Amino acid sequence: MAYWLMKSEPEEFSIDMLKQRKREPWNGVRNYQARNFMRDGMRKGDGVLFYHSNCAEPGVVGIAEILCAAYTDPTQFDPKSDYFDAGSKYDEPRWLMVDVGYKRKLKRTISLNELKERPELGDFALTRRGNRLSVLPVTAEQWQFILALE
DNA sequence: GCCAACGTTGGC
DNA sequence: GCCAACGTTGGC
């Protein structure tokens with residue numbers, strides 16, 4: 001079992017929306033590195049730190065889980081979608097997605113600021129300089145440490 | 001709204 | 001293959 005952190009802008013899709021819907025196809029990832037994490041790393045049952053980005057208090061706000069291995073993201077073939085990719089072919093889809101399931105909200109937001117101040121996290125993909133990945137790996141140690149802060 | 005950091009595109 | 005221009009992410 002592996003652990004991940006997935007970012008979402010709360011105005012686009014918040015932890016409360018995931019709580020309501022219970023399950024969400026994580027479409028729209030259009031970064032190769034993030035796609036590779038989903039394709040090569042993610043398996044059913046993996047843990048997800050749900051992170052709010054681009055908001056007043058960026059940070060980890062909840063826990064989710066990966067519900068299935070990566071599969072074709074249909075929005076890449078939809079000309080009306082924001083995520084349409086004219087260069088992707090049906091028989092060779094460029095973009096994948098996973099389904100994410102709601103587990104629970106944290107009692108409080110564990111803010112980016114707080115995470116930056118924790119040397120215990122070591123080399124953490126989230127706080128690496130200039131990091132912009134929306135899907136990134138979390139070690140078992142980081143997972144436990146972050147949740148212990150709750 | 002600003003802007004640093006990064007990824008992508010496309011001319012050459 | 002290089003690299004300038006451009007677009008996007010996301011913290012502040």
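The table below lists the values:
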read-out	value
Rg(Cα) / (2.2 N^0.38 Å) computed for region A:43-150, rounded to two decimals	1.25
Residues whose placed amide H lies under 5 Å from that of residue A:4, excluding near-sequence neighbours	A:47, A:48, A:49, A:138
Rounded to whole Hz, the Karplus (6.51, -1.76, 1.60) HN-Hα couplings of region A:2-8, x for glycine and proline	10, 10, 9, 10, 10, 8, 8
12 Å reach of a label modelled at residue A:141, 7 Å along Cα-to-Cβ, counting backbone N of region A:97-126	A:119-124
Residue-wise HN-Hα coupling along region A:100-112, computed from phi with Karplus coefficients 6.51, -1.76, 1.60 (Hz; x: Gly, Pro)	10, x, 6, 10, 6, 8, 6, 5, 8, 6, 8, 6, 4
Percent antiparallel among DSSP beta bridges (both partners in chain A, rounded to 5)	80 percent
In Hz, Karplus ³J(HN,Hα) per residue of region A:132-146 (6.51, -1.76, 1.60; θ = phi - 60°; x = Gly, Pro)	9, 5, 8, 10, 8, x, 10, 7, 4, 5, 5, 4, 5, 5, 5
Region A:20-68: C-alpha gyration tensor shape, a/c 1.5 cut-off, then a/b vs b/c	oblate
Structure-based [θ]222 nm, chain A - -39500 (n - 2.57) summed over DSSP H runs of at least 4, per residue, nearest 500	-4000 deg cm²/dmol
Surface accessible to a 1.4 Å probe, per residue, for the residues of chain A, Å²	56 Å²
Residues of type aspartates and glutamates that residue A:44 reaches as a straight line, Cα spacing below 15 Å, ignoring anything fewer than 8 places off in the same chain	A:24, A:65, A:99
Added length on full extension, which subtracts the Cα-Cα distance from 0.36 nm per residue, residue A:72 to residue A:89	5.0 nm
Long-range HN-HN contacts of residue A:94 with modeled amide H, under 5 Å	A:89
Cα centroid of region A:1-64 to Cα centroid of region A:75-150, whole Å	5 Å
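The values are calculated or read from the model by the stated rules, or taken from the named source; none is laboratory data. Bear in mind that the values here come from a model prediction, so they are computed numbers and not experimental data. Every residue, glycine as well, gets a Cβ built from its backbone with ideal geometry; the counts of neighbours run over all protein chains shown. The area values use the complete protein model at the heavy-atom level, side chains included, leaving out ligands, DNA and RNA. Shrake-Rupley method; radii C 1.70, N 1.55, O 1.52, S 1.80 Å.
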